[in-house]
Structure formats: C-alpha cells, structure tokens
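Working notes for the structure below.
The values are calculated or read from the model by the stated rules, or taken from the named source; none is laboratory data. Because the structure is predicted, anything quoted here is derived from the model rather than measured. Cβ coordinates were reconstructed from backbone atoms using ideal geometry, including for glycine residues, and neighbour counts include every protein chain displayed. Protein only, heavy atoms only, side chains kept; ligands, DNA and RNA dropped before computing areas. Shrake-Rupley method; radii C 1.70, N 1.55, O 1.52, S 1.80 Å.
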Amino acid sequence: MDLYKIMLVDDEEEVRTSIIKKINWEANGFEVVGDAENGRDALEKIENLEPNVIITDIRMPYMDALTENIRQRFPSIKVIIFSGFDDFTYAKEAIRLGVTEYILKPVNVDELTEILKKVRAKLDEEIESARNIDSLRESYKASLPVLREQFLNKLIIKKGLYDEN
C-alpha cells in the first residue's frame, strides 16, 4: 500500500514535533514528509515534497497566503486546519479558504486519527475516480477506429455514394 504524504505547518516547533510523535502515521496510511514554521517556508517545501495533505495552524505568519496559494497552485492538496480559537470567525475563514477539516487545539490523537481516516478515504476515492476516467478514455481511444469506420459506412450509404448492387 502506498502511503499518502503529509506535511505539518505550525510556528511552534514543539507543537509540530508533538503531533508527529503522537500519531501512528503509517497505520493510518500516511507518512510525514516534512514540516515548516510558516506559510512561506511551507510553500517552498510543497514544491519539492509534493504532499497530499497539509496540517496547519490557522494563526501563524503567512497563513492566508499559504492556503490561498495551495488552492490556486495545488488544488488537489487537502488542508486540515487546527486552531486554539473556538471562534466562529476562524471557522468561517477556514471555510472561505476551502479547507478539508477544522479542528481545535490541543489536538486530540483520536480526533485527528478519525479525520485522517476520512481524508484517506477521500483521497482513495479521488484516485479511483481518476483511474475510472483514464480507463474510459483508453477504451474510447481503442474503439475510435471502429466508431469512425461505422460512421463513415453509414454516411456513405445514407448519401447514396455506395450502391449495394
């Protein structure tokens, strides 16, 4: 089984290392490929590490730029935001930024594990859907010569360009 890549972004190193140590990432289908202390550093690392999921604090340097850039440049990346603020304003901002999940600090291992399971299921579903589309596309390409021949035969007969006698 391939593991999905995940990256943590928080301005507090202690928070990042604590989350990394508390979760059994591999058992949940993920591997931590990196971390960053602010949105600017995270964007640079995203280019190289190509994570599938970003877990980030909502209040930190360059946060808005991070999520907005992810949405524009890497729309398939899932963003999970955690915040120490139980305030509707922050949740509303998270919705505006198009995040996948919003959880409150301190991060509860069980809650984060459940969210990871949901995100993994969503990623699996998207990959399966892309495979189905690719399969349909290949099937279409393979049958295109036959469809073209049938179309041309019907066109010739309909226009009377071919005499069956």
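You will find that of Glu126, Glu93, Glu149, Glu101, the residue that is among the charged types (D, E, K, R) and free of Cβ contacts under 8 Å to residues at least 12 places away in the same chain is Glu149 and no other.
Remark: pairs (first residue in segment 32-58, farther than 17 Å from Glu12 by Cβ; second residue assigned to a helix (DSSP H, G or I) and β-branched (Val, Ile, Thr); Cβ separation under 9 Å; 6+ apart in sequence or on different chains) = Leu43/Ile70; Ile46/Ile70; Asn52/Val119; Val53/Val119. Say whether the condition of being under 16 Å from the mean Cα position of the chain (by Cα), closer than 30 Å to Glu26 by Cα and not in a helix (DSSP H, G or I) is met by at least one residue in segment 118-137. No, segment 118-137 has no match at all.
Checking Ile19, Ile6, Ile46 one by one, the residue that is under 16 Å from Lys118 (Cα atoms), surrounded by 19 or more Cβ atoms within 10 Å (Cβ to Cβ) and modelled with pLDDT of 90 or more is Ile6 and no other. Taking segment 85-111 as the range and being out of contact with any strand residue (DSSP E or B) (no Cβ under 7 Å at 6 or more places or on another chain) and not basic (Lys, Arg) as the test, the residues that pass are Phe85, Asp87, Phe88, Thr89, Glu93, Ile95, Leu97, Gly98, Pro106, Asn108, Val109, Asp110.
With respect to Phe74, determine if the residue is aromatic (Phe, Trp, Tyr) and open to solvent by 90 Å² or more (accessible area, probe 1.4 Å). Criteria not met by Phe74. Hey, could you check segment 49-60 for residues that are under 16 Å from Ser76 (Cα atoms) and aliphatic (A, V, I, L, M) and say which is surrounded by the most Cβ atoms within 10 Å (Cβ to Cβ)? Restricting to residues being under 16 Å from Ser76 (Cα atoms) and aliphatic (A, V, I, L, M), the top hit is Ile55. Among the numbered conditions (1) modelled with pLDDT of 90 or more; (2) open to solvent by 20 Å² or more (accessible area, probe 1.4 Å); (3) touching a Pro at 6+ places or on another chain (Cβ under 8 Å), the only one that Arg40 does not meet is (1).
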